[in-house]
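The values are calculated or read from the model by the stated rules, or taken from the named source; none is laboratory data. Note that this is a predicted model, so its numbers are computed, not measured. No Cβ is skipped: glycine too gets one built from the backbone with ideal geometry, and neighbour counts run over all protein chains shown.
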Amino acid sequence: MSSAPAPVSVLKVDALTKRFGGLSAVKELSMDVKAGALYGLIGPNGAGKTTIFNLLTGVYSPTEGTIVFKGTSVAGLKPYEITKLGVARTFQNIRLFADMTVLENVMTAHHIRSRQFLIDAVIGTGRHQREERETRDKAMELLKIFDLDSVAGELATSLPYGNQRRLEIARALATEPSLLLLDEPAAGMNPQEAVDLMNLIKWLRDEFSLTILLVEHNMKVVMGICERIQVIDYGKSIALGTPDEIQKDPAVIEAYLGGA
Amino acid sequence: MSLTRKVIYIAIGLVILLGLNQVFEHGLGDFQINGYYARIVNLIGIAITLAVSLNLINGLAGQFSLGHAGFMAVGGYSATYVTVFHGQQIAGLIGSSLGEVAGSALVMPISLVVGAIAAAAAGLVVGVPSLRLKGDYLAIVTLGFGEIIRVIILNIPAVGGATGFTNTTPITNFFWIFSMAILTIIIVANIRSSTFGRALSAIREDEIAAEAMGINTTRYKVMAFVISAALAGVAGGLSGQLFANPLNPQNLNFVKSIEVIVMIVLGGIGSITGAVFGAATITILPEALRDVDRQFPGMRMVIYSLLLILLMIFRPQGLLGRKEFSLDWFRRKKAAPAPPAAGGDTDV
């Protein structure tokens, strides 16, 4: 245990297990993510990282175990309920709203914070107009951060791959989360783009006081920005520590390079 | 738009509609509108209400429903029931009768509201279980529900059963048909350009991502389905009390649902102006081809089908695609495209 005063846990996972038929994709997993942390989740292909994300965001419900987000148990809740509590995510295989513009993608994600009723929209009340303006302004601000404001009117799928990934992050931020889950944010980016993304993620964490949990295969990114890293193999946690500790851990080396 | 301006626009719109209604019913001086054409115009108005309302669930939310005729039937029969069995009483409340202008002006909106509520309730009952399904499965289930509704009505003697609801008083007129068509367009356009419309589009594009962005997909699908059903019920209430077109279960089977689908597919699924255009085309086309039929019997449906096949081959996204028709098309392009205006009704 570190000697510094421990910050509060934002996400606490205990004995989390997910079985698909006879296959245990996640086994007895425990995690403790502190507020403001940049927490990395790594592991070989098929280790169960994305399954963990799907469990945390309610896409799957756990077979056993607990997930507590800021004191509320979220195991078994629906994805939209978890998002409402302040958990947002991006997807490994980009899932933008294809036939909508860049701006609309981000504005859509702000829907969850809307306080108007359907009737406001139907008869166009002042509340509707005010909210619509605010949503648009907020979305444009987010797009500016990601340098996407100049393409706000383009279709989301017309963007280059790297920008689509960044747009996914912008869209996730529009839900006003306190915990952001990034599933391979640097996938498909060239080294320079990856470095820019690292800086951006760090900056976002401080600017929006976020806690960030990320799955990533690009070791340069993971080792460069994560403060704590947990290594998963075959659905089990095999190591947990700082980047330096992880790099030296024999179990990790074995998982990645194979045992003798 | 400020409240006063809205009120002024509504007042101007109503005056224009009432004026046109007067011309339709009684002509203008020596000028009389041919009854046949007047009937087609009225049918176009009802078709617009149907097509634009179906576009909300099929085009915007992307949930393929084949049960629109069923909701039209529920609304139509409920509305007509109110008029036939309680119309005189309601009109009597203001000392009028159903045949008089004042009486029908009171009974008509009441019957339409009843029709809308009944259809919305049917939409809720059908929507909650069936909207868990996707794609083809949803289409089949809604088709089945539509037929169930029709068969139930077929077996209620009070509303005419298989003979149809024939002892009705025709109180639908141009004014009611087109104010409802315009109301439907306004409702659907306003929903679409709002945060609710974006939520529905998100469901259409990617349900998993929509859920992850905090959208309760089931709730919004049901909401769109219920509104769509309610508006179909209004269209039913209008057509049920239009003399030229009395209610008959045989006219409200799945062929009618498919006809409405053809309207929105033709115009461009998701486009409101496209749906209006499709509704007009599909209503006019069979009539316009009647002359052909006189010379070559049976050719009418052949040409009609051929036109649809050609359209699907050469323009599968419909005539307008997802775009909206707007006067800007005729203006020269400005140097820089303006950002989409708040509450604007154009797809960018």
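Which one of B:S65, B:S96 is over 30 Å from B:E287 (Cα atoms) and hydroxyl-bearing (S, T, Y)?
B:S96
Applying the selection to the range B:202-224, what residues are in contact (Cβ under 8 Å) with a residue 12 or more places away in the chain, surrounded by 24 or more Cβ atoms within 10 Å (Cβ to Cβ) and either at the interface with chain A (Cβ under 7 Å from one of its Cβ atoms) or in a loop (DSSP other than H, G, I, E, B) (or both)?
Listed by number, the residues that qualify are B:A202, B:I215.
Among what's in the range A:22-46 and is farther than 21 Å from A:E227 by Cα and of a type in the set (A, V, I, L, M), pick the residue that is surrounded by the fewest Cβ atoms within 10 Å (Cβ to Cβ).
A:L23
Just to be sure before I move on: is A:I52 among the β-branched types (V, I, T) and closer than 23 Å to A:M219 by Cα in the structure I sent?
Yes, satisfied.
Scanning the range A:105-118 for residues that are of a type outside the set (K, R) and in contact (Cβ under 8 Å) with a residue 40 or more places away in the chain, which turns out surrounded by the most Cβ atoms within 10 Å (Cβ to Cβ)?
If we take residues in the range A:105-118 being of a type outside the set (K, R) and in contact (Cβ under 8 Å) with a residue 40 or more places away in the chain, then A:A109 is surrounded by the most Cβ atoms within 10 Å (Cβ to Cβ).
Taking the range A:85-140 as the search range and keeping residues that are outside any helix (DSSP H, G or I) and of a type in the set (S, T, N, Q), which one is farthest from A:Q164 (Cα to Cα)?
A:T125
Any residue in the range B:139-161 that is crowded, with 20+ Cβ neighbours inside 10 Å, over 15 Å from B:N253 (Cβ atoms) and at pLDDT below 90?
yes
Hey, among the residues in the range A:55-81 that are surrounded by fewer than 21 Cβ atoms within 10 Å (Cβ to Cβ) and on the phi > 0 side of the Ramachandran plot, which one's farthest from the other protein chains (Cβ to nearest Cβ)?
My answer is A:G65.
Check off (1) in a loop (DSSP other than H, G, I, E, B); (2) out of contact with any helix residue (DSSP H, G or I) (no Cβ under 9 Å at 6 or more places or on another chain); (3) modelled with pLDDT of 80 or more; (4) aliphatic (A, V, I, L, M) for B:L319 and give me the number that stays unchecked.
Here B:L319 clears every test but (2).
In the set B:I258, B:I227, which member is assigned to a helix (DSSP H, G or I), within 14 Å of chain A (Cβ to nearest Cβ) and not hydroxyl-bearing (S, T, Y)?
None of the others qualify; the one that does is B:I227.
If you take the residues of the range A:92-104 that are facing chain B (nearest Cβ under 7 Å) and either of a type in the set (F, W, Y) or more than 19 Å from A:T57 (Cβ to Cβ) (or both), which of them is surrounded by the fewest Cβ atoms within 10 Å (Cβ to Cβ)?
A:A98
Of the conditions (1) within 14 Å of another protein chain (Cβ to nearest Cβ); (2) of a type in the set (G, A, S); (3) without any contact (Cβ under 8 Å) to a residue 24 or more places away in the chain, A:A174 clears all except one; give me its number.
(3)
Could you list, in sequence order, all residues of the range A:135-155 that are among the polar types (S, T, N, Q) and crowded, with 18+ Cβ neighbours inside 10 Å?
The answer is A:T135, and nothing else.
Of A:V8, A:V13, which residue is crowded, with 21+ Cβ neighbours inside 10 Å, in contact with a strand residue (DSSP E or B) (Cβ under 8 Å, 6 or more places away or on another chain), farther than 13 Å from A:V231 by Cα and of a type outside the set (S, T, N, Q)?
A:V13
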